[in-house]
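The structure under discussion appears below in the form of structure tokens.
FYI, it's all coordinate maths here, none of it is from the lab. Just so it is clear, the structure is predicted and the values come from calculations on it, not from any experiment. Don't worry about glycine lacking a Cβ; one is built from the backbone with ideal geometry, like all the others, and counts go over all protein chains shown.
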Amino acid sequence: MHFFAYHSDGAEDLRSEMGSEPDKLTHRSFAQAVEHLTLAWLSVAHTEPRGPSSRNSYFKREAYRLLKRYIGAGREDIFLDIIKQSPRRRASPAILNQPFKLGLYAMFDDDSLSRNDRKVWGEQMEYAYRSGIEPEMLIGFIYTSGSPALIAQKLQAARERDQST
């Protein structure tokens, strides 16, 4: 199964040969995609420390693409199952209703992604998802949406609106 497509700049991104049908979105396919994404993230040839071509922007975009596929298919249960199987991880009840944070948590069985990055990136991804943003537009959307604190406020307001309806 092939998960990546190459771009003219040498970067790879997660493309959908895997499909989005729930029966193709398995624990194994998630683990394979995470492994490929992590290796690609570490080898991205971009030298910009910030901006849309940076290593972290690449990771956010491709992690968002992967997590969005699972969440959109209603398969966020896989994230929790992976966390439960890990001897190092227990999901806090606070993130059980935050699928992107849960997905980022499931992606790393170590501390290679800090708790703060999981929080900020998870909120940015959830806000983008709620706003209907495609992965290719994620980084620009984040930059125009404001600081991480402002995005967190906007996300909280959206969650409260959802609860009141």
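Of note:
- Across the stretch 119-133, computed HN-Hα scalar couplings (Karplus, 6.51 cos²θ - 1.76 cosθ + 1.60, θ = phi - 60°) run 5, 5, 5, x, 5, 4, 5, 5, 5, 5, 4, 5, 8, x, 7 Hz from first to last residue, x flagging Gly and Pro.
- Summary of packing: across the peptides 119-128, 146-155, the per-residue average of other C-beta atoms within 10 Å ranks them, highest first, as 119-128, 146-155.
- Note on the stretch 49-165: Lys pairs 8 or more places apart or on different chains, Cα atoms under 14 Å apart, count 5.
- Gained length - residue 26 relative to residue 116, 0.36 nm times residue gap less alpha-carbon distance: 29.6 nm
- FRET efficiency, 1/(1 + (r/R0)^6) with R0 41 Å, evaluated for residue 137 and residue 94 via beta carbons: 0.90
- One decimal place: the segment residue 161-residue 81 gains 25.9 nm when fully extended, by the rule 0.36 nm per residue minus the C-alpha distance.
- Per-pair calculated FRET efficiency, R0 = 25 Å: residue 54 and residue 109 via Cβ, rounded to 0.05: 0.55
- Sequence ranges 132-145, 57-70, ranked by mean other-Cβ count within 10 angstrom, highest first: 57-70, 132-145
- Rel. contact order, % - alpha carbon contacts under 8 angstrom, at least six apart, the stretch 99-155: 37 percent
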